[in-house]
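This report concerns only the one structure given below.
The values are calculated or read from the model by the stated rules, or taken from the named source; none is laboratory data. Everything numeric here is computed off the predicted structure, so don't read it as measured data. Counting neighbours? That spans all protein chains shown, and the Cβs are built from the backbone with ideal geometry, glycine included. Accessible surface is based on the protein model in full, side chains and every heavy atom, while ligands, DNA and RNA are left aside. Shrake-Rupley method; radii C 1.70, N 1.55, O 1.52, S 1.80 Å.
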Amino acid sequence: QVQLIESGGGLVQAGGSLRLSCAASGRTFSTYSIGWFRQGPGKEREFVGAISGSGSLRVYADSVKGRFTISRDNAKNMVFLQMDDLKPEDAAVYYCAAVPSFILLRREREYNYWGQGTQVTVSS
């Protein structure tokens with residue numbers, strides 16, 4: 001069982017940066033791949049990126065590639081989403097999710113555990 005809690009959301013101007021955190025419980029955190037997803041107003045939840053358990057592999061959605069960076073600190077059971085050059089279309093509720101897998105997964109139905117989400121608002 002893994003519990004996830006996101007934090008770090010807020011209001012930022014377009015072009016600015018935010019760093020989201022995902023704190024996880026559990027003694028086997030390093031065996032879980034972590035994904036980030038987001039859901040904008042009136043939109044379906046979409047994949048943002050994912051990181052492998054060791055942190056050596058990452059994958060990103062094309063819409064955020066080059067602007068967002070995922071990292072993790074397994075000693076602290078933490079995963080981070082650094083978001084730079086934010087755009088109004090990045091505004092959404094951001095979720096982290098976990099799955100006990102060595103493969104990086106993009107579909108939300110493949111993830112077992114979810115956080116409650118943190119709101120990101122980007123003003124133009």
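Using alpha-carbon positions, what is the distance between the centroids of region 1-34 and region 71-124, in Å?
Rounded to whole Å, the Cα centres lie 6 Å apart.
Across all directions of projection, what mean area in square nanometres is found for the Cα convex hull of the chain?
On the way: hull surface 26.8 nm².
For the chain, averaging the hull's shadow over all directions gives 6.7 nm².
Pick out, from 39, 25, 4, the residue whose Cα sits farthest towards the positive end of the charge dipole of region 1-90, with +1 on the Cβ of Lys and Arg and -1 on the Cβ of Asp and Glu.
The residue sitting farthest along the positive end of the dipole is 25.
Taking region 30-120, which GluC sites (Glu not before Pro) meet the DSSP loop condition and have no more than 11 other C-beta atoms within 10 Å?
Values: sites: 44, 46, 89, 108, 110; in loops: 44.
Listed in order of number, the matching sites are 44.
Tell me the net charge near residue 55. Cut-off is 15 Å between Cβ atoms, residue 55 excluded, with +1 for each Lys or Arg and -1 for each Asp or Glu. Before the final figure, lay out the partial values.
On the way: positive: 58, 72, 76; negative: 73.
Charge balance near residue 55 sits at +2.
What FRET efficiency comes out for residue 23 versus residue 124 if R0 is 22 angstrom and r is the Cβ-Cβ distance? Round to the nearest 0.05.
On the way: r = 31 Å, r/R0 = 1.40.
So the FRET efficiency works out to roughly 0.10.
Return the single residue from 26, 42, 15 with maximal mean-square fluctuation; model: Gaussian network over the chain, springs between Cα atoms under 10 Å.
Among 26, 42, 15, the largest GNM mean-square fluctuation belongs to 42.
Which aspartates and glutamates, on any chain, are close to residue 43 with Cα under 16 Å apart, when same-chain ones fewer than 8 places away are left out?
Within the straight-line cut-off, residue 43 pairs with 89, 90, 108.
Can you give the accessible area per residue of region 58-118, in Å², using a 1.4 Å probe? Show your work: numbers first, answer last.
Values: 3210 Å² over 61 residues.
Computed with neighbouring chains in place, this is 53 Å² per residue.
Please report, as a whole percent, how much of the solvent-accessible surface of the chain comes from carbon and sulfur atoms (probe radius 1.4 Å). Walk me through the numbers on the way to the answer.
Working: 3080 of 6450 Å².
On the chain, the fraction of accessible area on carbon and sulfur atoms equals 48 percent.
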